[in-house]
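Take a look at the structure below.
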Amino acid sequence: MARSGAKRSRLRGAVDALPSGALRVRVYAGEDPLTGKRHSLIEVIPPGPQAAAQAEAARVRLLNQVDERRNPRTNATVDQLLDRYLEALDVGYSTQRMYTRYLELHVRPFIGHLKAGAIDSEVLDSLYREMRRCRTHCTTTKGVDHRTPRDHQCDERCRPHVCSPLSPTTVRQVHFVLNAAFGKGVRWRWLSINPVEFASPPPPKPPDPQPPSAHDAARIVDAAWEWPDWGALVWLTMTTGARRGELCGLRWSHVDLPSGVLTYRSAVAQYGGRRELKDTKTHQQRRVALDPETVLVLTEHWERCQARATAAGVSLARDAFVFSRLPGGRAHLVPSSVTQRYGRLVRRLGINTHLHSLRHYSATELIAAGVDVRTVAGRLGHSGGGVTTLRVYAAWLAEADQRAAGGLLARMPARPAAVPLVPRALTSPRTPREKIAASLYAQIVAGEFPEGGHLPGIKELAAEHEVAVSTVHRAFELLRTCGVLAGDARQRPVVHIPASTVDEVEPVPKAATVGVGRRLVEFRLRSAGRELSAFSAEVDPDSAAELDPLMRSAVRRAAGPDADVGDYEMDVLGDGGVLRTFVMIG
């Protein structure tokens with residue numbers, strides 16, 4: 001019986017007196033799932049006349065926490081929590097590797113040894129500040145930034161250490177990993193709260209896609225086509241907006257040339273020297289329709305691959321890679337090699353861009369062509385129904401929205417001519433002051449009040465029309481606006497006969513509000529015989545004054561602010577084709 005009573009006492013908690021006079025409340029909360037040790041909730045009550053009552057209240061509160069399972073069941077460290085989280089994480093190898101690297105470099109050295117339950121938002125904010133101070137977390141400025149972590153002979157590339165912070169994007173990624181790990185800890189009841197939710201990571205960097213201009217894109221394609229296979233890869237990147245890994249993993253079995261459709265089903269992932277074929281970034285296949293020119297490019301590329309395979313005495317299998325260095329297409333390209341080759345190409349041309357910008361180029365050109373956001377997101381492989389597309393390409397969507405507003409204006413019915421306020425007030429009075437002004441105006445036109453004469457007194461008119469004196473004052477002001485009365489409000493009004501009566505006032509013609517020759521016109525910007533862009537605007541196609549700024553704006557968008565407009569031509573299109581070609585000198 002004593003043993004059973006001791007067990008009940010342990011389960012319901014105990015209150016012990018300490019030598020200092022304080023009371024210690026201890027409630028059994030189970031066993032630590034990691035260490036197997038007993039886990040208790042303890043609270044110390046300071047000495048005082050109410051200590052016993054406070055101790056009993058604390059015991060009841062702690063027992064309620066245990067009964068409601070709100071207490072953490074473990075004293076695990078952050079390292080143990082992260083190890084358990086990574087074990088249960090179901091992601092791809094590259095994501096797992098990235099998370100592990102972030103935690104090893106930037107989290108474990110600082111807070112890995114601390115109890116997970118002792119972490120709060122202040123500790124995490126300090127961690128984020130350290131990450132934004134120096135990416136290597138240096139302790140002295142006398143170090144060296146070596147060109148490689150391997151054993152090497154230092155040369156001019158090994159320079160004195162200069163602190164370089166981690167980017168806000170990297171810090172936010174670390175924040176998201178910690179948030180997920182501590183969130184799992186709460187669900188496993190290792191922790192009572194998730195402190196990461198209260199931390200403050202740096203704000204996200206605003207998206208700033210910088211696609212090459214149409215002029216630069218044309219130069220890139222021309223230079224790449226010196227090697228037709230390489231030109232076909234660059235062309236396909238521009239027209240489909242595919243990621244580099246998806247292009248490297250594309251197989252001929254994924255290309256349906258008769259239907260003009262290709263399907264991105266897999267991608268090549270690269271982790272240092274390791275490469276593997278996996279599914280796409282969003283883990284979903286996507287079908288992309290091809291334009292006739294791209295179908296022709298791939299058809300010619302297929303014929304070249306067939307000819308090389310035949311010459312080498314091998315067969316080109318249906319599942320061969322579209323882009324490969326081997327005649328049979330059995331090996332895919334290396335993503336990093338594709339990036340490096342493209343970098344050498346654009347540096348030779350003097351263009352500051354990178355391979356991923358071709359993806360931005362495809363997206364912005366689709367948006368400029370009026371393609372809806374969901375379709376653009378589908379071609380690019382953006383998840384979330386276009387949320388990423390809206391966030392990244394907001395500037396181009398705004399520009400497309402302006403063009404849409406101009407196109408809508410061209411289809412709107414003609415706006416009615418504006419009717420001047422004063423004639424309407426005198427011919428169709430609505431308010432008391434307008435009725436008084438219209439009555440006096442009719443009497444003046446009828447000759448009841450001669451030129452240079454005076455109207456009846458204000459009080460007399462107020463009594464006649466049963467209105468306030470201020471209403472008569474406003475009626476006189478309306479007549480002054482119409483030119484029927486002379487003098488200001490401080491003087492007695494003098495009658496002035498207008499040159500024309502109300503019946504002679506004609507409405508404003510529509511020609512006064514709408515340009516005679518203005519209409520929606522299609523334009524095409526060209527340089528050296530190559531079309532750079534096509535757009536529409538509401539202008540007078542016969543007015544050089546309107547075409548001049550329009551062409552300058554089109555050249556600036558296509559080739560940058562430093563482009564010479566004299567190198568470009570702008571075709572003015574009509575129903576029968578090109579109406580005229582507009583050129584400028586300088």
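The values are calculated or read from the model by the stated rules, or taken from the named source; none is laboratory data. Worth saying up front: this structure is predicted, and the values here are computed from it rather than measured. Cβ atoms come from the backbone with ideal geometry, glycine included; neighbour counts cover every protein chain shown.
Remarks
- L380 being surrounded by 19 or more Cβ atoms within 10 Å (Cβ to Cβ), within 28 Å of A289 (Cα to Cα) and at pLDDT 80 or above: yes
- Extreme residue, surrounded by the fewest Cβ atoms within 10 Å (Cβ to Cβ), among residues of segment 46-55 that are under 56 Å from the mean Cα position of the chain (by Cα) and in a helix (DSSP H, G or I): Q54
- Residues in segment 109-129 that are loosely packed, with under 15 Cβ neighbours inside 10 Å and free of Cβ contacts under 8 Å to residues at least 60 places away in the same chain: P109, H113, L114, A118, E122, S126, R129.
- When T339 is tested against (1) in contact (Cβ under 8 Å) with a residue 60 or more places away in the chain; (2) outside any loop (DSSP other than H, G, I, E, B); (3) over 19 Å from Y361 (Cβ atoms), exactly one condition is not met: (3).
- Whichever residue in segment 191-213 is among the hydrophobic types (A, V, I, L, M, F, W, C) and in contact with a Phe, Trp or Tyr (Cβ under 9 Å, 6 or more places away or on another chain) and, among such residues, is farthest from E365 (Cα to Cα): L191
- Answer residue from segment 177-192, given it is assigned to a helix (DSSP H, G or I) and of a type in the set (D, E, K, R) and is farthest from L114 (Cα to Cα) among those: R187
- Within segment 278-320, restricting attention to residues that are under 23 Å from G245 (Cβ atoms) and among the hydroxyl-bearing types (S, T, Y), the residue that is modelled with the highest pLDDT is T294.
This table checks each residue for (1) in contact (Cβ under 8 Å) with a residue 12 or more places away in the chain; (2) of a type in the set (D, E, K, R).
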{"site": "Q210", "(1), (2)": "yes, no"}
{"site": "A223", "(1), (2)": "yes, no"}
{"site": "W230", "(1), (2)": "yes, no"}
{"site": "G245", "(1), (2)": "yes, no"}
{"site": "D256", "(1), (2)": "no, yes"}
{"site": "R274", "(1), (2)": "no, yes"}
{"site": "K278", "(1), (2)": "yes, yes"}
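- Any chance A289 is over 23 Å from H382 (Cα atoms) and assigned by TED's automatic domain parsing to the domain that holds E246: no
- Segment 69-112: number of residues that are at pLDDT below 90, within 19 Å of A269 (Cβ to Cβ) and either over 32 Å from the mean Cα position of the chain (by Cα) or not β-branched (V, I, T) (or both): 8
- Selection within segment 1-39: residues that are touching a helix residue (DSSP H, G or I) at 6+ places or on another chain (Cβ under 9 Å), within 27 Å of R84 (Cβ to Cβ) and modelled with pLDDT of 70 or more. The member of this set that is surrounded by the most Cβ atoms within 10 Å (Cβ to Cβ) is V27.
- The listed residue being touching a residue at least 12 places away in the same chain (Cβ under 8 Å), surrounded by 18 or more Cβ atoms within 10 Å (Cβ to Cβ) and out of contact with any helix residue (DSSP H, G or I) (no Cβ under 6 Å at 6 or more places or on another chain), out of L579, L547: L547
- Residues of segment 193-224 that are outside any helix (DSSP H, G or I) and surrounded by 14 or more Cβ atoms within 10 Å (Cβ to Cβ): I193, N194, A199, P201, P202, P209, P211, P212, S213.
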